[in-house]
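Got a structure for you, written out below as structure tokens; questions coming shortly.
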Protein chains: 4
Amino acid sequence: MTPLLSALAGDPEIDALLSDDAQLTAMLSVERALVQASAEVGLVDPAAAAAITTAIAAFAPDHAALAAGMARDGVVVPALVAQLRATIPQPHSTALHKGATSQDIVDTALMLQTAKILDILQTRLGELLARLADLRKSYGERPLLAHTRMQAALPTRWGDKLQSWSDPLQRHLSGLEAMRGGLLVIQLGGPVGDRRSFEGEGEAVAATLAIHLGLGVASPWHSARDPIVALGDRLALLTGSLGKIGADVALLAQTEIGAITLEGGGGSSSMAHKSNPVTAELLVALARFNAGLAGTLLQAMVHEYERSGAAWTLEWLTLPQIFVTTGASLRLSLKLCDQIRLT
Amino acid sequence: MTPLLSALAGDPEIDALLSDDAQLTAMLSVERALVQASAEVGLVDPAAAAAITTAIAAFAPDHAALAAGMARDGVVVPALVAQLRATIPQPHSTALHKGATSQDIVDTALMLQTAKILDILQTRLGELLARLADLRKSYGERPLLAHTRMQAALPTRWGDKLQSWSDPLQRHLSGLEAMRGGLLVIQLGGPVGDRRSFEGEGEAVAATLAIHLGLGVASPWHSARDPIVALGDRLALLTGSLGKIGADVALLAQTEIGAITLEGGGGSSSMAHKSNPVTAELLVALARFNAGLAGTLLQAMVHEYERSGAAWTLEWLTLPQIFVTTGASLRLSLKLCDQIRLT
Amino acid sequence: MTPLLSALAGDPEIDALLSDDAQLTAMLSVERALVQASAEVGLVDPAAAAAITTAIAAFAPDHAALAAGMARDGVVVPALVAQLRATIPQPHSTALHKGATSQDIVDTALMLQTAKILDILQTRLGELLARLADLRKSYGERPLLAHTRMQAALPTRWGDKLQSWSDPLQRHLSGLEAMRGGLLVIQLGGPVGDRRSFEGEGEAVAATLAIHLGLGVASPWHSARDPIVALGDRLALLTGSLGKIGADVALLAQTEIGAITLEGGGGSSSMAHKSNPVTAELLVALARFNAGLAGTLLQAMVHEYERSGAAWTLEWLTLPQIFVTTGASLRLSLKLCDQIRLT
Amino acid sequence: MTPLLSALAGDPEIDALLSDDAQLTAMLSVERALVQASAEVGLVDPAAAAAITTAIAAFAPDHAALAAGMARDGVVVPALVAQLRATIPQPHSTALHKGATSQDIVDTALMLQTAKILDILQTRLGELLARLADLRKSYGERPLLAHTRMQAALPTRWGDKLQSWSDPLQRHLSGLEAMRGGLLVIQLGGPVGDRRSFEGEGEAVAATLAIHLGLGVASPWHSARDPIVALGDRLALLTGSLGKIGADVALLAQTEIGAITLEGGGGSSSMAHKSNPVTAELLVALARFNAGLAGTLLQAMVHEYERSGAAWTLEWLTLPQIFVTTGASLRLSLKLCDQIRLT
């Protein structure tokens, strides 16, 4: 998404949490926590853990070399580990990344990033629910002509409409909260996902690593991607519910219906009289876009063997966009609450 | 799906629960429970409820007229109610469907059907988990060469592979069980979803109706379809996990790899020596198909106004297929457990 | 799709061309043409061709055994050939299906079926264009208030609206016509798609087979499915354009806008005054459904090796539905032309 | 897509043609050509056209203000025109954008950008076909064990495999070439798509504008998006065919099969012996991603009224990604040709 399109349909706050820098920082946190946990369980020398911790604090990656490594290896970790390892004094460098595989680092880092993103999304969703509750308090008793199947039906009240908008959002907020425990867990499997590379200390390393990172413990899930894909689904459900609000607002703000007017509607280059329901339309577009992304992410469930480069890369192409799309949709929903005037 | 294709990729047991007869039976159950609940809360005459209950017991629908009504009205309920009403002695006929709208009947009936379908799916999933646990008990210690990114990696054990198959299935089983409470609820909103058509007794009718039908109570959700769409997502996640098993089996059963052999593999019309991993391939195909259907169902979240004929119909085109596809995928997974021989 | 749903959103004429009987008939036509072509090029004994032709004429398949074969082999041809072969007097039975593989038969039969389906779709599309041209002739000069971005914009004329509906349909008609040559071709590859099983006569058999069946010649395309998937795309484009018409009609027929009224709109079970734009809504639902199916069909492009059971089955799950959905959308568009009254 | 992910799965050359700067340059070219065409047909004063041409040459947009306009209006043109207009000496400024609507500018600019992108894609596709032809010339007679339904089948030759890869690519190249005429056309409709805003000179302005820009003439297609969506479909077909090549390479390069080895395969952070088929896996991932995007783009066919902000924005979210994904897939396919060694 270019900067101009992002100004319309993106989300800079979520973007920042998904940047290369944010990912690299998260991956270095995982490597640091891993060596510290490994030291605590006796798998590596504590002096090595200290040396690696120091090296990580001072590490400045060579981005061009990382990009070259990414293009060659299909994952950035081999190049990152090689760069970092070169800065670690001997004999400690082999303790870095010991027992781990690239996917352990990338997936655990993703969970660190996801935790922060969920915080933002849940906060915004809570704010939106509060805004809708305010609207309901203020305008709930006002009459509204209901429409079914695109035809005027019978009078109802704005309170009913606002409840029909809020109910699913409340379910999504609860649903996101309920997912956190099972989702925000470490990934630790080693090369083939059986933790044998940790020389009998796999369970202990995993438990300690999880504590260091503030994540939950789980069996290795290299090739079992359901928690991640389920998150994508839940976020698409959320943007779907926001898209429904957008559709209602665009319909109710039609010139001939006029049940809503919009402050700060979009201008036209050719028709000065128009006030376009841009924000509402965007909610519809983002709902359909996210539905598509979530459907594509579901295709990434079919992992070959113990690790599928194809399916894993497909996640990388979709999940970040689902985060940004959801963030944008919530951002715009809050904006829409500022814009709508019930008549 | 024609009978031949259904023999391969369908599910007759689920089909039966989604047939027109099954739906009509469920809708008549809802109408009966509604009039009884309405009588109990004083909204209709108990004699009318009795007369309608008797009429429903004797009712034989005119299917051709129902089909014509469906084609005309976009929903079968107006024709169904008209047919049924004609069999009710006066002055009781107006008590039928009193306060309700077509969507109340169709959606609540769907929940009755869904409850039965979920019972089957969960039972099968439980059986599958038991079968995988048996395999793990028998063969868990056997060595297996792990593959990552389509290349031989390192030795692991079958127990690890089988756990990586079972873990997500266990999560899906828990996930389905957890959804039931919020999903299997009545729909009762009246024409525009505000229950005012029940003359002040809407909440009481809803609570009583729910008890009659063994469903939960919920606010009207005519235009808030997240519980239904979330079910589609969960089922696509399930078939995705089963597709991953299928992909693994097809790969491990490759002639050159031979980590699995299959009893009863498919024959070829031109190569007598072949034993094709038909069941495993089907799991992949059904996973991708269900992913697509779930993505399309997500597009049905964007409801216009208080009821969208377009979005609602899109559910009808997708959700039943998701049920059948999931049923078939579980059926075939159980078959696959019979077929695989670990070498 | 159950009969009731099919009455609303299905297409019996297209269904019939996709039935098991229709497919079996087409496959038997291919087997007959194949043995005749093989006799003509000297690959099999003309007496065998005659005996097989006679046997095919008398053949009554055992449907239960075919279904069992389909479930076992993943394709019906092995069972079909076995049944048919049993009816052929010796020494001729080995000439049946000689050199061919199941996919040759299924794919070529599909092209025979597709040719008939395209005839119907193109005919309906031509009729629809004629109807829109009639409307334009009658009402083209009538004023219509244009709307952009869901807001009243400026006055235009119905003629412009009708042209904007017709232009893409004209392109789809041309597009379908242009596809026929490259699409409606035989499949003949033998077991692994190289025609070597035809003992040096592969090109000759292919050319003769094509003439017998009225199809074009092409290189084997067992694993190159682009013509089929491109057809699905084109049909989804067509239903997308029809969905746009449906969206316009539903919007313009809104009570408050009233630029269109609809004869024979759908009735409501609770609001006698309503006339719902059921047909228009269906066009939107079918457009979104077909878009989803076409997107899923695109996933079937990724064939493994010389033949992918997974990808091929995914076609079977989607392409027939695309045909039916497109047929239904055209059927309903013609109905909509009968219903709309421009005001 | 972040820079790191883009190094793996992106395309800098296509990115550059889709940047904000590239779009702004294209839009200014359209505005300049429009005023010049309008002058030529007598709609505006030639002096105004000269003044505006001079102003465009000197114009330096205020990007922050453009972003703010984009966020407010849902399209950047109103802010762009306002900024540019402020630099035009009176009385000429009203001649800028005269008769046009934002969509005329954005869509026509998109066609200028698309022409360049298609040039690149077609060039790469041509190169890829040449590379495959070279491989066929060198290795076509080498034996290859064919596999069907994931099982070893019969011996064939590499020439047949390479032909099965090339045939669909040849069709895509022809298909893209054939689309250019109908696709690369101007958009000129004015506010509501009827060209009446050009005061009777609409057809003349359109014809002249097209000549200026080297594009074809077409009726206004504000709400008829089939040419654009059809392009997305064709590109997804192309990446689907490339994904099939990727799937084959990954399968044939399996350690146990070894029909292909790969130079420069990806390294692992934990298993030094591995050479991962990263490029091949990427082709599969990009095929599935593009299939999803094309399916979502098909949802954008359903435009409301004379212009749908929701559907149009959905195009912006998908089509550029389809271009980049296709570019990346072709780029990586060429890289794969360098990497594969047939054994």
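Every number in this text was worked out from the coordinates using simple rules, so none of it is lab data. Remember, it's a predicted structure, so these values are computed and weren't measured experimentally. Cβ coordinates were reconstructed from backbone atoms using ideal geometry, including for glycine residues, and neighbour counts include every protein chain displayed.
What about A:T123, is it over 29 Å from A:T318 (Cα atoms) and among the polar types (S, T, N, Q)?
The answer is no for A:T123.
Among A:P168, A:P191, which is the only one that is under 30 Å from A:R136 (Cβ atoms) and surrounded by 24 or more Cβ atoms within 10 Å (Cβ to Cβ)?
Exactly one residue qualifies, and that residue is A:P168.
Would you confirm, using the coordinates I've provided, whether A:A272 is farther than 27 Å from A:L314 by Cα and touching a Phe, Trp or Tyr at 6+ places or on another chain (Cβ under 9 Å)? Even if it seems obvious, please write down each step before you answer.
On the way: farther than 27 Å from A:L314 by Cα: yes; touching a Phe, Trp or Tyr at 6+ places or on another chain (Cβ under 9 Å): no.
Considered against the rule, which asks whether it is farther than 27 Å from A:L314 by Cα and touching a Phe, Trp or Tyr at 6+ places or on another chain (Cβ under 9 Å), A:A272 comes out as no.
Table: residues versus (1) of a type outside the set (V, I, T); (2) farther than 30 Å from B:L43 by Cβ; (3) facing another protein chain (nearest Cβ under 8 Å).
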| residue | (1), (2), (3) |
| --- | --- |
| B:K98 | yes, no, no |
| B:V106 | no, no, no |
| B:G126 | yes, yes, no |
| B:R136 | yes, yes, no |
| B:L169 | yes, yes, no |
| B:H172 | yes, yes, yes |
| B:R180 | yes, no, no |
| B:L183 | yes, no, no |
| B:I186 | no, no, no |
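Then there's this: Can you tell me which of B:A250, B:A259 is at the interface with chain A (Cβ under 10 Å from one of its Cβ atoms) and either β-branched (V, I, T) or touching a residue at least 12 places away in the same chain (Cβ under 8 Å) (or both)?
B:A250
Related question: For the stretch B:262-286, which positions are more than 9 Å from chain C (Cβ to nearest Cβ) and either aromatic (F, W, Y) or under 34 Å from the mean Cα position of the chain (by Cα) (or both)?
B:L262, B:E263, B:S275
Quick check: anything in the stretch B:222-236 more than 22 Å from B:G175 (Cβ to Cβ) and in contact (Cβ under 8 Å) with a residue 40 or more places away in the chain?
Looking through the stretch B:222-236, at least one residue is more than 22 Å from B:G175 (Cβ to Cβ) and in contact (Cβ under 8 Å) with a residue 40 or more places away in the chain.
Among the residues in the stretch D:311-322, are any within 11 Å of chain C (Cβ to nearest Cβ) and not in a helix (DSSP H, G or I)?
no
Would you tally the residues in the stretch D:192-245 being part of a helix (DSSP H, G or I), more than 22 Å from D:S308 (Cα to Cα), among the small types (G, A, S) and more than 8 Å from chain C (Cβ to nearest Cβ)?
5
Just to be sure I understand, how many residues within the stretch D:117-149 are surrounded by fewer than 16 Cβ atoms within 10 Å (Cβ to Cβ) and closer than 25 Å to D:E177 by Cα?
Going through the stretch D:117-149 one residue at a time, the tally reaches 7.
Yes/no per residue for (1) of a type in the set (A, V, I, L, M, F, W, C); (2) under 25 Å from C:G232 (Cβ atoms):
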position: D:A253; (1), (2): yes, no
position: D:A259; (1), (2): yes, no
position: D:G265; (1), (2): no, no
position: D:L283; (1), (2): yes, yes
position: D:G292; (1), (2): no, yes
position: D:L298; (1), (2): yes, yes
position: D:Y305; (1), (2): no, no
position: D:C337; (1), (2): yes, no
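When you look at D:A178, is it under 30 Å from D:R72 (Cα atoms) and either touching a Lys or Arg at 6+ places or on another chain (Cβ under 9 Å) or free of Cβ contacts under 8 Å to residues at least 60 places away in the same chain (or both), yes or no?
Criteria not met by D:A178.
Name, by its number, the condition in (1) in a loop (DSSP other than H, G, I, E, B); (2) away from chain B (no Cβ under 12 Å); (3) hydrophobic (A, V, I, L, M, F, W, C); (4) within 22 Å of C:I186 (Cβ to Cβ) that does not hold for C:I88.
The single condition C:I88 does not satisfy is (4).
A:A58: away from every other protein chain (no Cβ under 14 Å) and either buried (at least 22 other Cβ atoms within 10 Å of the Cβ) or within 18 Å of A:D104 (Cα to Cα) (or both), yes or no?
no
Can you name the residue in the stretch D:66-105 that is crowded, with 20+ Cβ neighbours inside 10 Å and among the β-branched types (V, I, T) and, of all such residues, is nearest to D:I211 (Cα to Cα)?
Once the filter is applied, the top-ranked residue is D:I105.
Quick check on my filter: what residues within the stretch D:17-55 are of a type in the set (S, T, Y) and not in a helix (DSSP H, G or I)?
The one that is of a type in the set (S, T, Y) and not in a helix (DSSP H, G or I): D:S19.
Hey, among the residues in the stretch D:271-305 that are within 20 Å of A:I322 (Cβ to Cβ) and of a type in the set (S, T, N, Q), which one's surrounded by the most Cβ atoms within 10 Å (Cβ to Cβ)?
Of all residues in the stretch D:271-305, those within 20 Å of A:I322 (Cβ to Cβ) come to D:285-300.
Within this subset, residues satisfying the condition of being of a type in the set (S, T, N, Q) are D:290, D:296, D:299.
On the way: D:N290: 34, D:T296: 29, D:Q299: 28.
So, considering only residues that are within 20 Å of A:I322 (Cβ to Cβ) and of a type in the set (S, T, N, Q), the one surrounded by the most Cβ atoms within 10 Å (Cβ to Cβ) is D:N290.
Also, I was wondering about something else. For residues in the stretch D:6-38 being without any contact (Cβ under 8 Å) to a residue 40 or more places away in the chain and not acidic (D, E), which is surrounded by the fewest Cβ atoms within 10 Å (Cβ to Cβ)?
D:A16
Sort out which residues of the stretch B:108-152 are more than 30 Å from B:D226 (Cα to Cα), of a type in the set (D, E) and touching a residue at least 12 places away in the same chain (Cβ under 8 Å), and write them in order of number.
Initial filter on the stretch B:108-152 (more than 30 Å from B:D226 (Cα to Cα)): B:130-152.
Filter once more, keeping what is of a type in the set (D, E): B:134, B:141.
Selection gives B:E141 alone.
Being among the hydrophobic types (A, V, I, L, M, F, W, C) and under 19 Å from A:M70 (Cα atoms) is the filter here, so list the residues in the stretch D:1-42 that pass it.
Taking the stretch D:1-42 as the starting set, the residues that turn out to be among the hydrophobic types (A, V, I, L, M, F, W, C) are D:1, D:4-5, D:7-9, D:14, D:16-18, D:22, D:24, D:26-28, D:30, D:33-35, D:37, D:39, D:41.
D:M1, D:L4, D:L5, D:A7, D:L8, D:A9, listed by residue number.
Out of everything in the stretch A:67-85 that is of a type in the set (A, V, I, L, M, F, W, C) and at the interface with another protein chain (Cβ under 8 Å from one of its Cβ atoms), what residue ends up being farthest from A:A50 (Cα to Cα)?
Ranking the qualifying residues of the stretch A:67-85, first place goes to A:A71.
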